[in-house]
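Structure record follows, encoded as structure tokens.
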């Protein structure tokens, strides 16, 4: 049996009694064991209780903060959606001035996605209302906005070049679309079309034809782009022009 009972002994140490221990001793050991466990829990709580409370409070605040952020984010998205829908309806109804103002506000105050869409729509509305220079300036602003995703910025880059192709500096525009003309970029064939148009504008028919042939012969090019390339390239014995529907490059927005 145990020879000494004290608080410095572990509870398990008191269970070394043999099977011959009488019931009274067993009851005493159990009582001491329970007292030791209770006392240790008390000491642990005194030592670490504040940390446990702090951790629990942090967990509650964290969950509450996340749920609060989700509610705020949903409310913000709803507001952005309503703002953009109102502006788009005004544009559809021919209320150009009001739509331009509303789209300007949406592109300045909304979340990143709605800001980009509203700005692109506003630029397209400027084009349709005859303000090409204002549209190009806005497209370039979108293109340079690091807060927007690459898809919207690349679309703005392409549209800025497209709406400058007749008057802008050819070298500047070629450099503008160069990042889009690489394999794998979704805007590649549109960028190659713009490069071909710039080559034609500078009188470089040979370079233009090489770009147009690349588009026309590529299985991955959109059907409209291939048809336009076939129509624009110089006809020859080995490259007859294949008639096809003439479709303008999308204006964006």
(message) Name the single residue that is nearest to the chain's Cα centre (by Cα) among those in the stretch 95-109 being crowded, with 16+ Cβ neighbours inside 10 Å and closer than 18 Å to residue 156 by Cα.
(response) 107
(request) Answer yes or no as to whether residue 40 is modelled with pLDDT under 75, part of a helix (DSSP H, G or I) and more than 20 Å from residue 156 (Cα to Cα). (result) yes
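The values are calculated or read from the model by the stated rules, or taken from the named source; none is laboratory data. Treat the numbers as computed from the prediction; the structure is a model and nothing was measured. Quick reminder, even Gly has a Cβ in these numbers, built from the backbone with ideal geometry, and neighbours come from all protein chains shown.
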